[in-house]
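K.L.:
Questions regarding the structure given below will be posed in turn.
The values are calculated or read from the model by the stated rules, or taken from the named source; none is laboratory data. Small disclaimer: the values here were computed from a predicted structure and weren't measured. Every residue, glycine as well, gets a Cβ built from its backbone with ideal geometry; the counts of neighbours run over all protein chains shown.
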Amino acid sequence: MTSRYTVVRARRELLKLVAQSPLAYALGSMAPLARAFAQEEFPIETLDQVLNVFDMHTVARARMLPGHYAYMAQAADDQAMLTVNREGFAKIKLKPRRLVDTTNVDLSVELFGQRFDTPVFCAPCGAQGAFHPEGEVAVARAARTKNTLQILSTVANFSVEDVVAARGAPIWFQLYPTSDWELTRGMIKRAENAGCAALALTVDIPARNLEPIARFRRENNEICQACHEPGLAAAYRAMPMFDGANLTGMRLGIAGFTWDYIDQLKETTSMRVLVKGIVTGEDAALCLDHGADGIIVSNHGGRADDTGRSSIECLPEVLAAVRGRVPVVVDSGFRRGTDVFKALALGAAGVCIGRPYLWGLGAFGQPGVERVLDILTRELRIVMQQMGTVSVREITRDSLEFSL
């Protein structure tokens with residue numbers, strides 16, 4: 001039986017031949033493609049051949065079902081935010097220091113009294129069963145092995161109880177509020193009783209243009225519907241956090257809610273309450289006015305809105321408004337240890353990754369997630385040594401040069 005990965009490799013060989021043909025060069029427009037395929041691509045078959053997270057992406061894209069890959073990969077509108085998030089890092093330069101003893105480098109961080117061996121965390125991402133049968137449980141085991149933070153999505157495929165058990169330590173729970181307060185309150189209490197240490201309220205999708213994923217479904221309906229019932233209600237019923245709930249007329253999302261909702265959450269739970277999706281200093285200040293215990297700077301990996309502003313570009317003004325009063329974590333677009341270092345140097349308490357660990361999950365399961373965490377942690381250690389910083393606490397803006 002021919003694997004999907006074999007088919008992808010064959011397609012690349014065909015593109016290479018086309019790109020190198022005399023006709024392609026005559027047309028001129030094919031020249032960039034010819035250059036892209038001028039070198040033989042190394043076929044990645046085993047985990048130890050994965051050198052960076054982009055390698056992992058290549059394997060995951062080949063092995064995952066098209067509809068599941070599209071769900072994870074798509075972004076807002078024309079998908080430009082995927083590029084915007086990456087380009088933001090190029091606007092921050094690094095200033096290495098020399099002849100500093102960096103034999104021993106400490107990457108550990110502490111948040112709300114919990115110590116982690118790395119500041120690279122696993123962001124909340126829904127429906128991870130689409131990427132591997134063990135989904136969020138596999139990620140929890142990887143997070144346990146690497147002693148890092150996992151944030152569980154409201155729309156996870158595995159229960160919060162199972163994920164906490166697999167992690168063996170407190171996780172955070174990401175909340176998509178519903179239009180039914182009693183249902184939402186029940187989910188919050190369930191997460192609290194399961195041992196979650198913090199609640200991260202996602203606020204960056206009051207409305208969303210679903211054109212990219214709708215376009216895929218229109219063009220690949222048979223593939224997309226092969227393993228799904230139509231309609232959102234059916235999808236929610238399959239999620240453990242909605243077990244036994246009456247979903248008639250229920251809406252999921254932040255539309256219609258205001259800042260008072262944070263006050264309501266603070267009165268409801270003993271967990272720390274963070275606000276996820278903040279990208280301006282004004283909103284950061286309002287978070288603190290309403291008692292938020294932390295902030296996650298995020299544009300939802302480019303999936304929420306098309307603003308032209310990268311997450312790393314938004315981080316400084318949020319940190320300026322917070323002035324160290326609560327921890328600020330950041331996500332969206334992080335792919336290299338240098339990216340993580342830049343965020344830490346600006347003042348972030350940690351960095352969340354989403355797609356990179358999903359690539360690892362889709363490519364190799366739990367070992368793939370562990371490999372991604374290892375790669376980014378190794379890269380971060382290297383850049384810390386290059387910058388002459390032997391602990392995360394020593395990373396400061398002195399290592400940066402700005403063109404923001």
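K.L.:
Determine which single condition G365 fails, assuming it passes every other condition in (1) within 21 Å of L107 (Cα to Cα); (2) in contact with a helix residue (DSSP H, G or I) (Cβ under 6 Å, 6 or more places away or on another chain); (3) surrounded by fewer than 22 Cβ atoms within 10 Å (Cβ to Cβ).
P.N.:
It fails just one condition, (1).
K.L.:
Just to be sure, is V155 surrounded by fewer than 22 Cβ atoms within 10 Å (Cβ to Cβ) and over 22 Å from V369 (Cα atoms)? Give the derivation first.
P.N.:
On the way: surrounded by fewer than 22 Cβ atoms within 10 Å (Cβ to Cβ): yes; over 22 Å from V369 (Cα atoms): no.
So V155 does not fit the description; no.
K.L.:
Out of the residues in region 291-342 that are assigned to a loop (DSSP other than H, G, I, E, B) and aliphatic (A, V, I, L, M), which is farthest from T202 (Cα to Cα)? Don't jump to the end; show me each part of the working.
P.N.:
Narrowing region 291-342 to residues assigned to a loop (DSSP other than H, G, I, E, B): 291-293, 298-299, 303-310, 323-327, 332-336.
Going one step further and asking which of them are aliphatic (A, V, I, L, M), we end up with 292, 304, 326.
Numbers: A292: 13, A304: 11, V326: 17 Å.
Ranking the qualifying residues of region 291-342, first place goes to V326.
K.L.:
With S310, S298 as the choices, which residue is within 11 Å of the chain's Cα centre (by Cα) and either surrounded by fewer than 22 Cβ atoms within 10 Å (Cβ to Cβ) or within 14 Å of G88 (Cβ to Cβ) (or both)? Walk me through how you get there before you give the answer.
P.N.:
Numbers: S310 fails: within 11 Å of the chain's Cα centre (by Cα).
S298 is the lone residue from the list that is within 11 Å of the chain's Cα centre (by Cα) and either surrounded by fewer than 22 Cβ atoms within 10 Å (Cβ to Cβ) or within 14 Å of G88 (Cβ to Cβ) (or both).
K.L.:
Is it fair to say A38 is loosely packed, with under 14 Cβ neighbours inside 10 Å and at pLDDT below 95?
P.N.:
Details: loosely packed, with under 14 Cβ neighbours inside 10 Å: yes; at pLDDT below 95: yes.
When the stated conditions are applied, A38 passes them.
Here's the yes/no breakdown for (1) buried (at least 18 other Cβ atoms within 10 Å of the Cβ); (2) modelled with pLDDT of 95 or more; (3) in a helix (DSSP H, G or I); (4) under 15 Å from the mean Cα position of the chain (by Cα):
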residue: V59; (1), (2), (3), (4): yes, yes, yes, no
residue: H68; (1), (2), (3), (4): yes, no, yes, no
residue: D77; (1), (2), (3), (4): no, no, no, no
residue: E87; (1), (2), (3), (4): no, yes, yes, no
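K.L.:
Among the listed residues E161, E182, which satisfies the condition of being within 16 Å of A245 (Cα to Cα) and not small (G, A, S)? Spell out how you get there, then give the answer.
P.N.:
Details: E161 fails: within 16 Å of A245 (Cα to Cα).
Only one candidate qualifies: E182.
K.L.:
Among the residues of region 388-404 satisfying the criterion of being aliphatic (A, V, I, L, M) and in contact with an Asp or Glu (Cβ under 9 Å, 6 or more places away or on another chain), which is nearest to V105 (Cα to Cα)?
P.N.:
As a first pass, look at region 388-404 and keep what is aliphatic (A, V, I, L, M): 390, 392, 395, 400, 404.
From what's left, in contact with an Asp or Glu (Cβ under 9 Å, 6 or more places away or on another chain): 390, 392, 404.
Values: V390: 4, V392: 9, L404: 29 Å.
Only one residue fits best here, namely V390.
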